[in-house]
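> Before I ask anything, here is the structure I am working with.
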Amino acid sequence: MMETKQFIIIGLILALLVGIVAVFAASGDPDGLESTALVVGGEKTLTSVTPEDADAEEAVPSPGLFTYESPLPDYSMGEEAGTGGALVAIVLGIIIMFGLGWGASAAIRAMREPK
Amino acid sequence: MHIPDAFIPLPQAVIYWIIALIFVALALRWAKNELSEDRIPLVAVLAAGIFAIQAFNLPVGMGTSGHLVGGALVAIVFGSPFAAVFILTLVLIVQGLIFGDGGLTTMGANIINMGVVGGFVGYYGYTGLKGITKNTYISAAVAAWCACFLAALLCAVEMAVAGTFPLVPGLVAMGVYHAAIGIIEGIITALVIYLIHHSRPDLLADSTEGGGVAT
């Protein structure tokens, strides 16, 4: 059986590898929800390819009026930062996620009343 | 399947948030009382891994792509649907706040679809199927596919209530695309359980690979 330390390191390396490969290899096609928006909005048919300029949020009514500008939209640091920016963004996200996963679960567990 | 802020009007978004918070509270209680010390690293690794893999969209044809959601995976690994709510909520907070993936007002709906439906369908689908098939990987893969597919149908209903998609065309398109995306969900869920089984079987809630049923 693998040591805990080894398990953590291998798990984290796998996550980083997946994230880094994703920057180069992830599909640019819209996801299922966006594709559905394009279908019901008449921008594509169920099985057709997606037009280059298709915008899911413009294809359907937008009843939600709230808007929010995230600091690293679409897992990038803006167009000018390019691939390098996207790599920094995804690695940062993975490290934040690891820290938050550990921190949040340890903190909540610490609230357990001593028996 | 991350719903952006634009797709749900605020009053409805608030209702989804209230429902989601009930499950989040139950998930926090699970983490406080049921999560053992030695599985905290597993929470951290799965949270990081699910975040990474959700950025990796794979093409499924029909001009569409998809990625693992991971709710079923977490629920099966930890043996509790509340583990999925707990980890998926953390992932959705980071995605929404920092990366603009999924809205903030719609985060409640996203927690329901991906964490709650993913976790409950994944966990109960798995335990039910495992009792019949006696095979961990087939049960996990099929349960994960169902979790993805049913979450997508619920999402289509939410979009219809919001007035964003018409009901039937929305259900058809969401159903067709996520029937395909669910194959990714099924394969990766089974693969990750296989990897954990062969590295740290003690961390799995159900460490029986072939015979036996989760207890």
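> Give the residue, chosen from B:184, B:132, that is in contact (Cβ under 8 Å) with a residue 12 or more places away in the chain and either among the hydrophobic types (A, V, I, L, M, F, W, C) or within 14 Å of chain A (Cβ to nearest Cβ) (or both).
Of the residues listed, the single one that is in contact (Cβ under 8 Å) with a residue 12 or more places away in the chain and either among the hydrophobic types (A, V, I, L, M, F, W, C) or within 14 Å of chain A (Cβ to nearest Cβ) (or both) is B:184.
> Only one residue in B:83, B:75, B:48 is within 7 Å of chain A (Cβ to nearest Cβ), modelled with pLDDT of 95 or more and over 17 Å from residue B:152 (Cβ atoms), so which one is that?
Checking each option against the conditions leaves just B:48.
> Take the conditions in a loop (DSSP other than H, G, I, E, B), closer than 30 Å to residue A:44 by Cβ and more than 9 Å from every other protein chain (Cβ to nearest Cβ) and apply them to residue B:68. Does it pass?
Here the answer is yes, as residue B:68 does meet what is asked.
> Being at pLDDT below 95 and closer than 27 Å to residue B:173 by Cβ narrows it down to one residue among A:35, A:62, A:76; which is it?
Step by step, each of A:35, A:62, A:76 is checked, and only A:62 is at pLDDT below 95 and closer than 27 Å to residue B:173 by Cβ.
> Then there's this: I'd like the full set of residues that are in contact with a Gly (Cβ under 7 Å, 6 or more places away or on another chain) and not in a helix (DSSP H, G or I), limited to region B:107-163.
B:134, B:135 - these are the residues of region B:107-163 that are in contact with a Gly (Cβ under 7 Å, 6 or more places away or on another chain) and not in a helix (DSSP H, G or I).
> Within region A:17-63, track down each residue that is in a loop (DSSP other than H, G, I, E, B), more than 8 Å from chain B (Cβ to nearest Cβ) and of a type in the set (A, V, I, L, M, F, W, C).
Selection gives A:54 alone.
> Let me ask you something else. Go through region A:1-16 residue by residue and tally those that are facing another protein chain (nearest Cβ under 8 Å) and closer than 24 Å to residue B:53 by Cα.
Within region A:1-16, residues that are facing another protein chain (nearest Cβ under 8 Å) and closer than 24 Å to residue B:53 by Cα number 10.
> While we're here: What's the number of the condition residue A:27 fails, among (1) surrounded by fewer than 19 Cβ atoms within 10 Å (Cβ to Cβ); (2) touching a residue at least 12 places away in the same chain (Cβ under 8 Å)?
Residue A:27 satisfies every listed condition except (2).
The values are calculated or read from the model by the stated rules, or taken from the named source; none is laboratory data. None of the values given here were measured: they were computed from a predicted structure. In this analysis, Cβ positions are derived from the backbone assuming ideal geometry, glycine residues included, and neighbour counts consider all displayed protein chains.
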